[in-house]
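The values are calculated or read from the model by the stated rules, or taken from the named source; none is laboratory data. Predicted model only: the values in this text are computed from it and were never measured. Note: ideal-geometry Cβ built from the backbone for every residue, glycine included; neighbour counts use all protein chains shown.
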Amino acid sequence: MACAEFSFHVPSLEELAGVLQKGLRGNFAEAQVSVVECPDLTQAPFTFPAKGICGKTRIAEVGGVPYLMPLVNLKKVYDLNKIAKEIKLPGAFILGAGAGPFQTLGFNSEFMPVIQTESEHRAPVNGSYFARVSPADGGCVLQKYSEKYHDFGCALLANLFASEGQPGKVIEVKAKRRTGKLNFVTCMRQTLENHYGEKPVGMGGAFLVEKGQVKAHIMPAEFSPCPLTSDEEVAEWLRFYEMKAPLVCLPVFVSKDPGLDLRLEHTHFFSHHGEGGHYHCDTTPDTVEYLGYFSPAEFLFRIDQPMESHSFGRD
């Protein structure tokens with residue numbers, strides 16, 4: 001697999017906190033951004049297999065939307081233990097958003113990778129979730145991957161934030177009551193783009209939707225038999241839902257594409273009440289509350305970039 005490597009611009013945490021707070025206050029009634037010790041992410045509600053998101057941070061974009069549409073490319077399957085080695089971090093703790101491993105599941109789904117990959121000293125731990133459209137009633141079915149499956153696969157496309165999974169200093173973001181039109185992630189990403197311009201900054205981590213509801217989608221279990229060639233056709237194919245807090249979200253975002261055909265932001269989420277999917281925006285601006293922990297990425301790895309590309313299907 002071809003792999004390109006790029007070094008991000010990495011401002012100090014204090015500088016990033018100031019930049020993000022200013023931007024968020026233009027989109028939320030309340031926003032407070034500070035540098036804190038990362039909470040223990042093995043604890044509820046996160047329940048991750050690693051304590052933190054610090055140490056040798058990097059973002060990996062694997063595959064891409066052109067492998068899903070216009071028509072699916074069923075050859076594009078990946079193993080996250082191998083991806084960890086590709087990004088020069090065997091044993092990496094990986095979070096993010098991608099397409100579920102249809103090669104194992106037998107159907108298409110939204111995938112929430114939460115994986116402590118294998119290293120010389122440690123067996124891998126798969127804490128991932130996947131969400132599918134219920135064949136019975138069209139609702140959401142959320143499952144913990146390891147309850148039934150034992151591989152470390154994903155497919156087609158993935159946006160991943162990787163680290164050594166260590167405790168350390170992170171950026172804590174609190175935002176309440178949305179007053180602007182941007183969702184939580186887009187607001188942060190555009191704030192970074194506006195401030196840093198041509199210097200790409202990448203970030204990832206986890207955030208909670210503590211109160212409110214969000215608009216989400218889940219891809220149908222069957223890949224589209226007809227070519228999807230526009231955002232309108234993609235929207236017709238997807239299944240949309242309103243899902244309620246509390247939600248655990250796994251964002252990956254990059255302020256500016258350095259010419260590697262990136263999906264600039266991608267956020268999937270799971271919950272402990274059976275809901276999960278792809279985050280679009282909150283639908284309850286007057287009551288929504290967000291709490292997040294983020295770390296800047298040092299490097300970007302672009303793995304198996306599609307040769308032929310397009311711009312639809314990336315919302």
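Please pick out the residue among Thr117, Thr47 that is of a type in the set (S, T, N, Q), under 18 Å from the mean Cα position of the chain (by Cα) and surrounded by fewer than 20 Cβ atoms within 10 Å (Cβ to Cβ). If you could, list the steps in order and put the result at the bottom.
Details: Thr117 fails: surrounded by fewer than 20 Cβ atoms within 10 Å (Cβ to Cβ).
The unique qualifying residue is Thr47.
So which pairs qualify, if the first residue must be in the range 175-187 and closer than 13 Å to Gly23 by Cβ and assigned to a strand (DSSP E or B), the second must be modelled with pLDDT of 95 or more and of a type in the set (Gly, Ala, Ser), the Cβ gap must be under 6 Å, and the two must be at least 6 apart or on different chains?
Ala175/Ala31
Can you tell which of Glu110, Glu120, Glu86 is modelled with pLDDT under 95 and either out of contact with any Asp or Glu (no Cβ under 9 Å at 6 or more places or on another chain) or charged (D, E, K, R) (or both)? Walk me through it before giving the result.
Working: Glu110 fails: modelled with pLDDT under 95; Glu86 fails: modelled with pLDDT under 95.
Just a single option satisfies the conditions, and that option is Glu120.
Mind counting the residues in the range 1-54 that are of a type in the set (Ser, Thr, Tyr) and under 25 Å from Thr179 (Cβ atoms)?
Residues of the range 1-54 of a type in the set (Ser, Thr, Tyr): 7, 12, 34, 42, 47.
Right, trim to under 25 Å from Thr179 (Cβ atoms) and you get 34.
Residues flagged as of a type in the set (Ser, Thr, Tyr) and under 25 Å from Thr179 (Cβ atoms) within the range 1-54 amount to 1.
Condition check ((1) within 24 Å of Val254 (Cβ to Cβ); (2) of a type in the set (Phe, Trp, Tyr); (3) in contact (Cβ under 8 Å) with a residue 60 or more places away in the chain) across all residues:
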site: Ile94; (1), (2), (3): yes, no, yes
site: Ala99; (1), (2), (3): yes, no, yes
site: His121; (1), (2), (3): no, no, no
site: Val125; (1), (2), (3): no, no, yes
site: Val133; (1), (2), (3): no, no, yes
site: Glu147; (1), (2), (3): no, no, no
site: Gly168; (1), (2), (3): yes, no, yes
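Check whether at least one residue in the range 194-209 is in contact with a strand residue (DSSP E or B) (Cβ under 8 Å, 6 or more places away or on another chain) and of a type in the set (S, T, N, Q), and report yes or no. Before the answer, list the steps.
Step one: of the range 194-209, the residues in contact with a strand residue (DSSP E or B) (Cβ under 8 Å, 6 or more places away or on another chain) are 200-209.
Now restrict to residues that are of a type in the set (S, T, N, Q): none.
No, the range 194-209 contains no residue that is in contact with a strand residue (DSSP E or B) (Cβ under 8 Å, 6 or more places away or on another chain) and of a type in the set (S, T, N, Q).
If Val214 meets every condition in (1) among the aliphatic types (A, V, I, L, M); (2) in contact with a Ser or Thr (Cβ under 9 Å, 6 or more places away or on another chain); (3) under 23 Å from Ala60 (Cβ atoms); (4) outside any helix (DSSP H, G or I) apart from one, which number is that one?
Only one criterion is unmet by Val214, namely (3).
Please verify whether Thr117 is without any contact (Cβ under 8 Å) to a residue 40 or more places away in the chain, under 19 Å from Ile83 (Cα atoms) and among the polar types (S, T, N, Q), treating the condition exactly as stated. Working first, answer last.
Values: without any contact (Cβ under 8 Å) to a residue 40 or more places away in the chain: yes; under 19 Å from Ile83 (Cα atoms): yes; among the polar types (S, T, N, Q): yes.
So Thr117 passes the test.
Do we find that Glu242 is assigned to a strand (DSSP E or B), within 19 Å of the chain's Cα centre (by Cα) and either aliphatic (A, V, I, L, M) or over 17 Å from Phe161 (Cβ atoms) (or both) in this structure?
Details: assigned to a strand (DSSP E or B): yes; within 19 Å of the chain's Cα centre (by Cα): yes; either aliphatic (A, V, I, L, M) or over 17 Å from Phe161 (Cβ atoms) (or both): yes.
The answer is yes for Glu242.
Evaluate the following for Thr104: is it in a helix (DSSP H, G or I) and out of contact with any helix residue (DSSP H, G or I) (no Cβ under 8 Å at 6 or more places or on another chain)? Even if it seems obvious, please write down each step before you answer.
Numbers: in a helix (DSSP H, G or I): yes; out of contact with any helix residue (DSSP H, G or I) (no Cβ under 8 Å at 6 or more places or on another chain): yes.
Yes; evaluated as a whole, the condition is true for this residue.
Taking the condition in contact (Cβ under 8 Å) with a residue 60 or more places away in the chain and over 19 Å from the mean Cα position of the chain (by Cα), does Asn73 pass? Working first, answer last.
Working: in contact (Cβ under 8 Å) with a residue 60 or more places away in the chain: yes; over 19 Å from the mean Cα position of the chain (by Cα): yes.
For Asn73, the condition - in contact (Cβ under 8 Å) with a residue 60 or more places away in the chain and over 19 Å from the mean Cα position of the chain (by Cα) - is met.
Within the range 224-238, is even one residue under 19 Å from the mean Cα position of the chain (by Cα) and of a type outside the set (Lys, Arg)?
Of the residues in the range 224-238, the ones under 19 Å from the mean Cα position of the chain (by Cα) are 238.
Checking which are of a type outside the set (Lys, Arg) leaves us with 238.
Looking through the range 224-238, at least one residue is under 19 Å from the mean Cα position of the chain (by Cα) and of a type outside the set (Lys, Arg).
Is the range 220-232 home to any residue that is surrounded by 21 or more Cβ atoms within 10 Å (Cβ to Cβ) and outside any loop (DSSP other than H, G, I, E, B)?
Looking only at the range 220-232, we keep the residues that are surrounded by 21 or more Cβ atoms within 10 Å (Cβ to Cβ), and these are 228.
From what is left, the residues that are outside any loop (DSSP other than H, G, I, E, B) are none.
No, there is no match, as no residue in the range 220-232 is surrounded by 21 or more Cβ atoms within 10 Å (Cβ to Cβ) and outside any loop (DSSP other than H, G, I, E, B).
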